[in-house]
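Scroll down for the structure; my scribbles are underneath it.
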Amino acid sequence: MSTKTLGDIKLRLYYWNCRGRIQSVRYMLEDIAYTHKNIDYKEDFELLATSAELWPTHKADETISGPFHNLPVLHWNDTHTFGQTLTLGQLLARKFDLYGRLTPSIDNEDFLHGYIDGVVSCAYTDIISNVITCIFSNLNFTDKNNPSYRLLRIISNNLKALNNLLKKSSTSFYYDQQEPTIADYFVFEAFTLARDYHEIVLPNEEDRQALIKHEQIMKERPALANYFSKGLLFKRITGSSKESEYMATLAETKK
């Protein structure tokens, strides 16, 4: 993992104290900070417990909520402030060379970025965002007439597609890369988030073997192994006030 930036860099991520939509970027930042000793990285949190009281004021303050008055936000050297999850991930990927290397089968940089971004979009839009929607809507698995019920199949089908695509790679990572790209961090989160939500959204055992192996390899990376050993992964997934009760109900369906 090389870098296209010089000098000391201060990075401050700001998000809610939950897993949310930003977890893939958290993994990227952990690896980046571990690899590059010139990076001063820290995450600060907007607390869900005080959101009703403090967030309206913080939301109106662009120094906190960024240009879109929303979270996540990444502050770069106290000079630049960026918002939106995909934007943060893609910015970091460009700056820290997380789009991979050209290969004999993909020898054009724009095409390589297109392939990688396709995986990222699938993982984020079709899996991560849909899992979060299911939780916020308290989706009842027995109510097949619920318009959101189709999300379960969308999540499962896209996990299967990502699994099959990974199987085609000659390495442990997408598109024959020797090191993880932004795609691998987003897929890692998409698969583990879906599994932590409920097994109903997972493809059958055969159609997730590549994703299982990929998860194991990602967790062995020193920065991520340290992250998990310290228990830094939030158990809470969303900001929904009903999440705990809903997830407890789902847990009963697994028994």
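For the range 161-166, the Karplus equation 6.51 cos²θ - 1.76 cosθ + 1.60, evaluated at θ = phi - 60°, returns couplings of 5, 5, 5, 5, 5, 5 Hz by residue, with Gly and Pro reported as x.
Separation of the alpha carbons by more than 24 angstrom is noted, of K37/K168; K42/K219; K144/K242; K144/K213; K168/K213; K42/K213, for K37/K168; K144/K213; K42/K213.
Phi angles of the range 72-86 translate, via the Karplus equation with coefficients 6.51, -1.76, 1.60 and θ = phi - 60°, into HN-Hα couplings of x, 9, 10, 9, 10, 6, 6, 10, 10, 10, 10, x, 6, 4, 5 Hz per residue; Gly and Pro are given as x. Structural descriptor for the range 9-95: relative contact order 37 percent, calculated from alpha carbon pairs under 8 angstrom and at least 6 residues apart.
Annotation: amide H of K10 within the under-5 Å range of D40, N77, sequence separation 5 or more or interchain, hydrogens built in the peptide plane.
Go ahead and run the numbers for FRET between I200 and A52, Cβ-Cβ distance against an R0 of 25 Å, rounding to 0.05. Rounded to the nearest 0.05, the efficiency is 0.15.
Straight-line reach from K59: taking Cα to Cα under 13 Å and skipping same-chain neighbours fewer than 8 places apart, the aspartates and glutamates in range are E46.
Full extension of the chain segment joining K10 with D78 gains 23.7 nm, where the gain is 0.36 nm per residue of separation less the Cα-Cα distance. Between Q209 and R150, the contour length at 0.36 nm per residue exceeds the Cα-Cα span by 18.9 nm. With both labels modelled 7 Å from their Cα along Cα-to-Cβ, the S169 to A248 distance reads 3.9 nm.
Sorting M247, M28 on the 10 Å Cβ count, fewest up front, what's the list? Could you put the intermediate results ahead of the total?
Working: M247 19, M28 24.
Exposure proxy ranking, most exposed first: M247, M28.
Exposure proxy for E205, E30, E179: other Cβ atoms within 10 Å of each Cβ, ordered fewest to most, give E205, E179, E30. For the chain, adding -39500 (n - 2.57) for each run of n ≥ 4 DSSP H residues and dividing by the number of residues yields -14500 deg cm²/dmol at 222 nm.
Each residue, F136 and L102, gets one label point 7 Å from its Cα in the Cβ direction; the gap between the two is 4.2 nm.
With a ≥ b ≥ c the root eigenvalues of the C-alpha gyration tensor of the range 9-95, is it rounded (a/c under 1.5), prolate (a/b larger than b/c) or oblate? Each step should come with its number before you reach the end.
On the way: a/c = 1.93, a/b = 1.66, b/c = 1.16.
Prolate is the answer for the range 9-95, as a/c is 1.5 or above and a/b outweighs b/c.
By the Kirkwood approach, averaging reciprocal distances over each pair of separate Cα atoms, the chain gets a hydrodynamic radius of 19.1 Å. Taking other C-beta atoms within 10 angstrom as a stand-in for reagent exposure, F45, F136 fall in the order F45, F136, fewest first. Across the chain, Cα pairs under 8 Å and at least six residues apart give a relative contact order of 23 percent.
Considering only DSSP beta bridges where both residues belong to the chain, give the percentage that are antiparallel (nearest 5). Working shown, then result.
Numbers: 8 of 16 bridges.
If we restrict to bridges inside the chain, about 50 percent are antiparallel.
Please report the antiparallel percentage of the DSSP beta bridges confined to the range 9-95, to the nearest 5. Among the beta bridges of the range 9-95, antiparallel pairing accounts for roughly 50 percent.
Among rounded, prolate and oblate, which fits the range 125-180 when a ≥ b ≥ c are the square roots of the eigenvalues of its C-alpha gyration tensor, a/c under 1.5 means rounded, and a/b larger than b/c means prolate?
Values: a/c = 4.96, a/b = 2.74, b/c = 1.81.
Judged from the Cα gyration tensor, the range 125-180 comes out prolate (a/c at least 1.5, a/b above b/c).
No lab work stands behind these numbers, since they all come straight from the coordinates. Bear in mind that the values here come from a model prediction, so they are computed numbers and not experimental data. Please note: Cβ atoms are built from the backbone with ideal geometry, for glycine as well, and neighbour counts cover all protein chains shown.
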